[in-house]
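The structure that follows is given in the form of structure tokens.
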Amino acid sequence: MIAALIFYMFAGLAVAAGVMVISARNPVHSVLFLILAFFNAAGLFLLLGAEFLAMVLVVVYVGAVAVLFLFVVMMLDINFLKLREGVAQYLPIGAVIGLVLVVELAVIFGGWAFAPDVEALIKAPAPAADQITNTEALGRLLYTDYAYLFQASGLILLVAMVGSILLTHRRRPGVRKQVIADQIARTAKNSVEIVKVPTGGGI
């Protein structure tokens, strides 16, 4: 019963956060709702017993969302003064979202302590050496049966990273940039001028 309630809580919040991602007008708010959706998806993975996938979802995807947030700030023309004016207005919503995340973390970590068979689980013997853990089974499946698909996904992510860097460093009129090739090609003849100043003829 408790597991079903926790599942519906995580699932409902994940669906609601997903709807807010595509309906929010502010891109920063969309990113924050996307982080909330990732946290709820990680909670669903924990309920399924896939703790490795849950940690990867939080560490990798939330970190990637943080990088996405940086690119959004750099590429969009956001008026920070106008954005700061609405801090008091959106503070209750941010507090509610933060409280929801804290409650979810408390449910995840407190569920182990309040489990009815927690003593039996603690006293359970260690699994045999021939048994494969969840992480090991996932690693064997990922790097054996799906090795080529895993490498293809890495190439896709590489292309996306190069494209985002090119978009960030695109040429803009009136902006001076450092050109490494021109700096390396400079020689002493076109960079340094030796002037013989007579004694007493200086400034």
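Val59 versus Gln131, label points 7 Å from Cα toward the beta carbon: distance in nm?
Computed distance between label sites Val59 and Gln131 equals 2.4 nm.
Quick one: length gained pulling Ala160 to Ile22 fully straight, 0.36 nm per residue minus the C-alpha distance? Kindly include the intermediate steps, with their values, before the conclusion.
Details: separation 138, 0.36 × 138 = 49.68 nm, distance 2.12 nm.
Additional length available on full extension: 47.6 nm.
Assuming R0 = 30 Å, can you tell me the calculated FRET efficiency for the pair Tyr90 and Ala11, based on Cβ-Cβ distance, to the nearest 0.05?
Numbers: r = 26 Å, r/R0 = 0.85.
With a Förster radius of 30 Å, E is 0.70.
What is the spin-label model distance, in nm, from Met1 to Thr187 if the labels are put 7 Å beyond Cα along the C-beta direction?
8.8 nm
Coordinate-derived values only; no laboratory data. Not measured: the values here are computed from a predicted model. So basically every Cβ, Gly included, is an ideal-geometry build from the backbone, and we count neighbours across all protein chains shown.
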